[in-house]
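**Student:** I am attaching a structure below and will ask some questions about it afterwards.
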Amino acid sequence: MGRMMTAAAALVLGVAGTAVLGTPAAAQRAGFYAVEGMGGDGSRYTGAVQFTPTGPQTWRLSWRVAGETINGVGVSNGKTLAVAYTQGGTLGTVLYEIGPDGSMQGIWTAGREGGLGTERLVPR
């Protein structure tokens, strides 16, 4: 997101009460995630993102990167999460694949630049 972040994860209890990794849909959860990313220009960034549920498949996201807060909204189908965000008045989008462990790998673009950045989110 010129510096964007996001993520999701969780454990599902098995029948015997032991923790097992869930499906991507079960893995996505509310809470905080560590963010690591690279802008289209090759610059690297780190930060954190908070996921807050707003419905069964919808989320409010708030990233904190380099002292800046970036806000967005997202919708998930259980395997992917699509997010629209605004950063300093510039609109952007990010598309994440949700892993069974709750981590997310995404690509993003913002504004008129047209370049693609990458981002990885890992549940804390």
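**Student:** Count, please, the residues in segment 54-81 that happen to be over 16 Å from M104 (Cβ atoms), without any contact (Cβ under 8 Å) to a residue 60 or more places away in the chain and not in a strand (DSSP E or B).
**Tutor:** Final tally of qualifying residues: 4.
**Student:** Here are some conditions: (1) modelled with pLDDT under 95; (2) more than 20 Å from R124 (Cα to Cα); (3) β-branched (V, I, T). T23 meets all but one. Which one does it not meet?
**Tutor:** The failed condition is (2).
**Student:** Same structure, new question: Could you tell me whether V122 is at pLDDT 95 or above and more than 18 Å from T46 (Cα to Cα)?
**Tutor:** Working: at pLDDT 95 or above: yes; more than 18 Å from T46 (Cα to Cα): no.
For V122, the condition - at pLDDT 95 or above and more than 18 Å from T46 (Cα to Cα) - is not met.
**Student:** Check M5 against each of (1) of a type in the set (A, V, I, L, M, F, W, C); (2) at pLDDT 95 or above; (3) closer than 13 Å to L121 by Cβ and name the one condition it does not meet.
**Tutor:** (2) is the only condition that M5 fails.
**Student:** Okay, next question. May I ask you to verify whether T18 is modelled with pLDDT of 95 or more, surrounded by fewer than 16 Cβ atoms within 10 Å (Cβ to Cβ) and of a type in the set (S, T, Y)?
**Tutor:** No, not satisfied.
**Student:** Filter segment 92-119 for residues that are among the small types (G, A, S) and surrounded by 24 or more Cβ atoms within 10 Å (Cβ to Cβ); which is nearest to T80 (Cα to Cα)? Give the derivation first.
**Tutor:** Of all residues in segment 92-119, those among the small types (G, A, S) come to 92, 99, 102-103, 106, 110-111, 114-115, 117.
Filter once more, so that each one left must be surrounded by 24 or more Cβ atoms within 10 Å (Cβ to Cβ): 106, 110, 117.
Values: G106: 9, A110: 19, G117: 17 Å.
Within segment 92-119, the match that is nearest to T80 (Cα to Cα) is G106.
**Student:** Same structure again: Of the residues that sit in segment 25-53 and are assigned to a loop (DSSP other than H, G, I, E, B) and touching a residue at least 40 places away in the same chain (Cβ under 8 Å), which one is surrounded by the most Cβ atoms within 10 Å (Cβ to Cβ)?
**Tutor:** So the residue we want is Q28.
**Student:** Is it fair to say G67 is touching a helix residue (DSSP H, G or I) at 6+ places or on another chain (Cβ under 6 Å), more than 14 Å from A34 (Cα to Cα) and not charged (D, E, K, R)?
**Tutor:** Taking the combined requirement at face value, the residue does not satisfy it.
The values are calculated or read from the model by the stated rules, or taken from the named source; none is laboratory data. All values reported here derive from a predicted model rather than from experimental measurement. When we count neighbours, we look across all protein chains shown, and the Cβ atoms used for this are built from the backbone with ideal geometry, even at glycine.
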